[in-house]
Structure formats: C-alpha cells, structure tokens
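Engineer: Mind having a look at this structure? Questions to follow.
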Amino acid sequence: MHLFLSVVAVLGLIAFPSFAFAQDLVLKRVMLSSGGLGYFEYEATVEGDATLKLTVSLGQVDDVLKSLVVYDDKGGVGGLSLPGREPLTQAFKDLPFDQNSLGSPAELLSTLKGAEISVAGSRTLSGKVVSVEEETVTLPGDKGTTKRTRVTLFTDRGLQQFILEDAENLQFADASLRAKIGQALLAIQNNRAKDARTLELATRGEGKRTVRVAYIVEAPVWKASYRLTLPADAAAPRSALQGWAVVENLSGQDWKDVELTLASGRPVAFRQALYNAYYVTRPEVPVEVAGRLMPGVDRGGVAADQLRQKAMPAAPAPAQYESQRRMAAQAAAPPPPPAEVAAGAEPIEASDAATQVVFKFPRPVTVENGRTLSIPIIDRQVPAARLALYQAETAARNPLAAIRLTNDGETGLPPGIITIYERDKAGYVTYVGDARLSGFPIGETRLLAYAVDEKIVVERDVAQTDHIATGTIANGALRLSRVVRQTTTYRVRGPAKEPRQLIVMQRRLPGWTLAKPEAKGVELSEGNYRIPFQLPGGDQTQTFEVVQEQTQQQEIRLVETAADQIRVYAQAREFDARTREALTKVLQLQQSVAEAQRKVTQVDGERQQIVQEQARLRDNLARVPANSDLQRRYLTTLDKQETDLEALAKRRTDAEKGVEAAREALRTYVASLG
C-alpha cells in the first residue's frame, strides 16, 4: 500500500510544470504607520527572466493585490499569479475524482471504475476496474480477523481478481489520468498552509539586476510615549523631553536587518475583497422563434457632461531634521543624584512630510516575529512653563497642575502619553503624573494637565441678565436690540507662597461674544476660551469675571401689540425722548380704540339682556290664558323691548364706526412714524 502511494506521487510529479528560474524575496525595508498600516519591501537579485515567490497570509492577499508595486529599472513585470481562494475546490473541479478519493488506493480505484490498470507482484494482471470490495478474513491459528480489498478486473481472459494489499506495483495505463492524479496531489501539497498563499511574480529583463517588490497591509499601530523631566527651578524656560516608539512585529515573519521607518499620520486607506470571485447576474430572455421579435425599449437619452478635475498641488518636500539636542550632565555633591536622562545611543532621523512625521532608524533592525521593540526616537529641550488649568467639568473645586509645552523643533511630534518627572533642588527626581499629548505640529502649543493642584481653591457662580439696548420705530414696528449677558464669577484663593498663572477654560457660547476680560491673551481651543489670570501668591482671594454677551433683535408691530407691553417700552430709559413720546402717543391712541370697543361691548351686553328677557316672556305667553290681562301685559312689554332693540342696533352701528375711526387714527399715526 505504501509502495502504491509512492508510485502515484512519482507519477504525479512527472506531470508537474517546472519554472525556468524561481527564488524567494528577502525582506529589506519596513515602514509602519500610526494609521495601522505597514509598508513591506523585499529584494531579490535576478538575471534575465525570473519568477519570484512571495508567501503572505490569506488575510493579507486582498491588500497585496490592491497595493503591490514592483521596482525594476532594467526590466518589466510579466504578471502575478497565485492559487484561488479555494484552490482545492478549483483543482478538483474538472477531475474525475474528488479529494476524498485520494484517501486510500481502494477509494481511488472505486471512484475510477472503468479505468485500465496494470498490476505487478505475485500475479501480473491488466484490465479495467469493475469493482472494489472490502472483505473480512480470519487469520490462521484463531488470531483474529483482518480486512483486505478484493479488486475485480475485466481482462482479455474474462473477469479476474486480485488482493490490493498484495500488489507490489499498480499503474494507470492512461497518461492523462496519471497527470491529473499528480496535479491533484500537488494541489494538496501546496494547500498544507491553509492560511497562506504563495504569489508567483514573473519578471522580464536582461542581465543581472536587483528587483524590489513592496506592498501595504494591515499592521499593528506603533505607539509613541514620552518622558518630560521638569527642572528644579520652576522659572526655567526649558525641560528635557524624550520620546520612545513601541513597535510590535506580528507580521508572521522575522525582521532580520531591515531598514525600519515609523510614520505618524492619518492616511486614508481602503480595503477591497479583490481575492473573491464575483459573477454578474444576467437577465434571462426567452428563446426567439421565427416570427417573434422583442426589441429593447428606448427611453431616450441625455448628453453626458465632461467634468474637469483640478490637479492637486504638489506636496512640499519634507524638511530634514538637522540635529538632536543633548542634555548635559550635572555634577552634585555626594551622594550623587540621578544623572540626566540618557539620550538614544544613535540619533533618529526625523522629517516633517506634508501629512505626517517620519522617523528613520539609522541602522538595520532585527525583531523576531511576536516580539516588541521600544527605542528612543526623540531627544529635545523644549519650552515648558508651569501653570494651573481650571476645567469646571473635570474638577470643580481645584484646578489641574499643567505644563504649557511649545514645539519649537524642526518636526512635529506624534500623539502619545507623557510621563512627567520633576527634579528637586538636590537633583533627585520624583514622578508627578501623566498627561496626554495630541498630534503636535511645529509652532503650536499644548496644555498638558497631569495632577490636581490642591494649593488653589476655586468657587464659581453663573448668572444671566437681559436688558434693552436700543429701539427705533420704522415701517409701523418697534425694532428692539436686547443684550443678553451671562456672567461667570470666579473666586480664587491662590497658593500661599508662590505666584501662579491660572488658565480658565470657559465654554464659548455659539453666537456670543466675549465682553470681559479683553481678548488680549485669550485663546480659543475646540469651542473653549483659554483665559489667563495672574495669582500673586500669599493666600489671597481674588475675584475674576468672564462675561459673554449676545445681542438679540426683536420686532414689535405697534398696531397689534397690547397696550400693557407698549406702556413698558414707553417708559424705557434706554430709548431716546422722541421714541418714548411716539410710544406714548401710540398708547393714547390704543386707549381710544379700547374705549370705543368698550362702547360696542356695552351695547352688545344690553342687547343680550333684552334677548334673554324676551325668551322668558315668550315662554310665559304660551302658558297664560288668551285675552287675559297678563297676556296683554306681556305683549306690551315685548313691544317696548323691540323698540329698544332697534335703538340698540343704531347705537351699535355708531359705536362700530367709532372703533373703526379710532383704529384708523392709530394706523395713520403709526404709518407717519416712518
């Protein structure tokens, strides 16, 4: 049985294609982005036409197909090939057997019934496979049973049988069938690494040359962390800043002597399933027969405009980082205090590109797969000023101890955590807190809060007022300007011994302006004001006010507005005398309209009383005897009430005319105001 499998494998290998020249690529360069991407560049020395092999994980194939680029100054790319996403499924798609058939010789022969084979051993046979049956036989001496396979062949001498396990050699007569078996075995061999794919890249060229192959794939985000050491003198203008990079190699391969570059930026990156097979669903149409036509329906068309895309301006060349500052060692009396922070053994080349900061390691780096590398990439003396930062939503009673950091270097700094240390007068270092640093371009400043400053106590009150600023009359309306003012009062008890600068973070109200304090020295940051106040020290309590104002416009139609509201505005001292006099006149005319309207209301009231009385009398008339004295009395009263109703109707008409006249006088006067 083992001999049979070896023979089949040898037969298959005879049919496999061979490449004229093939070799593996060697990883030479790695660039990691803080955007979660990695640039991997390989090299190979080739001569003439060559095929380069590159193995990547299955999850990276899409990215490789999207981004793979070949650099070959003396040649060209012939193409890239790789197994399909389901290579075994495709390999067996057109074969007369499946993968399970290669599990044993018996299964293969059973699948290939009718195939012609030759058998060598104790018996030599040739014929076509008819059946393959498993049978159980008893071993001599009652030693149990065993299974064996009986194969029946159709030969020139009729049906003949042999035991498969006794055969020493078995050969398929059809050369094409032997090739297909070999092809299937090779597919199984190449698919042993189920989560990997080997890409074969053909290059075409002449002579000996170096070919570089690169691609972009997903990679762990490299991280930056910082150490800031504050000097003992609080007034010192600069502090020592050291930045470290933390890099993980989870690529599945060792990085041996590679050129490592780190880039801090936020590139736009996409992923597309290029390794999947897609099919377009086609509409099914009926088979046309003679005499039947089914043309498509024309629904008209429109002209297609050509859009011109403006060329993007070229990105500026990255500025090269020229030098790294080193901190000088300080001497102290024994016992010696800790020395200055040790700088990196070799300076890292840093440069500012258009959208990212790039750090290039000066020497090749070796990192085994699965290991982490952490190494200094930044050593600078940076401007750092100590202050107190008050954020009411973070800590309502005490401000935060903070550092105002300025980037006056030649490159930006990537985001990361800053661990802050402080030296005392003896030179010893203590830990004071951590802070978070956002992306830090050249020339900008950052406020880094790292601890609660309990030496300063803050009380905070908020009040809001509303008053009229100005008023004018135009087009029959009073146009008001109202000023809404929000005042935040801070009562601050400063530190007992040392002076301090206090930065108050005050939420900026959209559409409002800062009225107090003056804008000089005030900064804006993400919808907040940064307002500086000076605390002289000495345990004194100081009061600061932050005032934001908003002017609101309001229009009041004088004809329709109620008299009570007009009366308030007529007494407003914020208006000039002419406006107040005009409003007083409007108020008088409104009162005339109201008086005329009261007369109409009075008439309506009298009429309503008569109507109600008539209803009562008519109800009584239905109950009293005819031609009685009471009936005649009721009729007399009704007659008099009808006369009164006629008089009231005339009075109401006159009263309505009075109302209209009063309203017209009001409208005419308001219109005359401009």
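The values are calculated or read from the model by the stated rules, or taken from the named source; none is laboratory data. Because the structure is predicted, anything quoted here is derived from the model rather than measured. Don't worry about glycine lacking a Cβ; one is built from the backbone with ideal geometry, like all the others, and counts go over all protein chains shown.
Engineer: Out of (1) more than 30 Å from the chain's Cα centre (by Cα); (2) assigned to a strand (DSSP E or B); (3) not β-branched (V, I, T), what's the single condition that is false for G433?
Structural biologist: Exception for G433: condition (1).
Engineer: Evaluate the following for A563: is it under 30 Å from N475 (Cα atoms) and in contact with a helix residue (DSSP H, G or I) (Cβ under 8 Å, 6 or more places away or on another chain)?
Structural biologist: yes
Engineer: Something else: One residue is enough: does segment 217-231 have a residue meeting the conditions in the same structural domain as Q356 (by TED's automatic domain parsing), surrounded by fewer than 22 Cβ atoms within 10 Å (Cβ to Cβ) and modelled with pLDDT under 90?
Structural biologist: No: zero hits.
Engineer: If we only count strands (runs of 3 or more DSSP E) wholly inside segment 185-277, which ones have 1 or more residues that are farther than 21 Å from R380 by Cβ? Explain how you work it out, then say what you get.
Structural biologist: Details: elements: 196-205, 208-218, 223-230, 238-248, 255-265.
Here the list reads 196-205, 208-218, 238-248, 255-265.
Engineer: Right, something else. Does T198 meet the test of being without any contact (Cβ under 8 Å) to a residue 60 or more places away in the chain, touching a Pro at 6+ places or on another chain (Cβ under 9 Å) and surrounded by 13 or more Cβ atoms within 10 Å (Cβ to Cβ)?
Structural biologist: So T198 does not fit the description; no.
Engineer: Test R479 against the criterion of being over 42 Å from the mean Cα position of the chain (by Cα), more than 29 Å from I417 (Cα to Cα) and not β-branched (V, I, T), and give yes or no.
Structural biologist: yes
Engineer: Follow-up. Given the criteria outside the structural domain of R436 (by TED's automatic domain parsing), surrounded by fewer than 14 Cβ atoms within 10 Å (Cβ to Cβ), of a type outside the set (S, T, Y) and over 28 Å from the mean Cα position of the chain (by Cα), does A277 qualify?
Structural biologist: yes
For (1) assigned to a loop (DSSP other than H, G, I, E, B); (2) surrounded by 11 or more Cβ atoms within 10 Å (Cβ to Cβ); (3) not assigned by TED's automatic domain parsing to the domain that holds N100, each residue gets a yes or a no:
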{"site": "R123", "(1), (2), (3)": "yes, yes, no"}
{"site": "K147", "(1), (2), (3)": "no, no, no"}
{"site": "L153", "(1), (2), (3)": "no, yes, no"}
{"site": "Q160", "(1), (2), (3)": "no, yes, no"}
{"site": "L170", "(1), (2), (3)": "no, yes, no"}
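Engineer: Any idea which of (1) modelled with pLDDT of 90 or more; (2) touching a Gly at 6+ places or on another chain (Cβ under 7 Å) is the one R460 doesn't satisfy?
Structural biologist: (2)
Engineer: For the condition touching a helix residue (DSSP H, G or I) at 6+ places or on another chain (Cβ under 7 Å) and either assigned by TED's automatic domain parsing to the domain that holds T155 or not in a loop (DSSP other than H, G, I, E, B) (or both), what is the one hit in L80, L65, L108?
Structural biologist: Answer to the selection: L108.
Engineer: Can you tell me which condition A665 does not meet? The list is (1) surrounded by 16 or more Cβ atoms within 10 Å (Cβ to Cβ); (2) closer than 30 Å to I473 by Cα; (3) in contact (Cβ under 8 Å) with a residue 24 or more places away in the chain, and all the others hold.
Structural biologist: (1)
Engineer: Another question about this same structure. Looking at segment 54-98, which of the residues that are farther than 16 Å from Q272 by Cβ and modelled with pLDDT of 90 or more is surrounded by the most Cβ atoms within 10 Å (Cβ to Cβ)?
Structural biologist: That would be V70.
Engineer: Out of all the residues in segment 502-509, is one or more within 27 Å of V483 (Cβ to Cβ) and not in a strand (DSSP E or B)? Please lay out each step first, then the result.
Structural biologist: Filtering segment 502-509 down to residues within 27 Å of V483 (Cβ to Cβ) leaves 504-509.
Checking the rest, the ones that are also not in a strand (DSSP E or B) come to 508-509.
Yes, segment 502-509 has at least one match.
Engineer: Further, regarding this structure: Which one is farthest from V246 (Cα to Cα) among residues in segment 411-433 that are crowded, with 16+ Cβ neighbours inside 10 Å and of a type in the set (D, E, K, R)?
Structural biologist: Looking at the filtered set, the residue picked out is R423.
Engineer: Which condition number in (1) part of a strand (DSSP E or B); (2) acidic (D, E); (3) in contact (Cβ under 8 Å) with a residue 60 or more places away in the chain is the one that E410 fails?
Structural biologist: E410 satisfies every listed condition except (1).
Engineer: Could you check T419 against (1) over 26 Å from the mean Cα position of the chain (by Cα); (2) assigned to a loop (DSSP other than H, G, I, E, B); (3) polar (S, T, N, Q) and say which number it fails?
Structural biologist: Every condition holds for T419 apart from (2).
Engineer: Which residue out of I473, I456 is closer than 22 Å to A388 by Cα and buried (at least 19 other Cβ atoms within 10 Å of the Cβ)?
Structural biologist: I456
Engineer: Farther than 16 Å from L478 by Cα and of a type in the set (S, T, Y): which single residue out of T579, T601 fits that description?
Structural biologist: T601
Engineer: To continue, here is another question. Starting from segment 511-537, take each residue that is assigned by TED's automatic domain parsing to the domain that holds T488 and over 14 Å from L387 (Cβ atoms) and list its partners that are assigned to a loop (DSSP other than H, G, I, E, B) and β-branched (V, I, T), counting only C-beta distances under 8 angstrom and pairs at least six apart or across chains.
Structural biologist: Every condition considered, the pairs that remain are L514/V522; Y529/V522.
Engineer: Looking at L27 and the list (1) within 29 Å of V151 (Cα to Cα); (2) at pLDDT 70 or above; (3) crowded, with 17+ Cβ neighbours inside 10 Å, which single condition is not satisfied?
Structural biologist: Every condition holds for L27 apart from (1).
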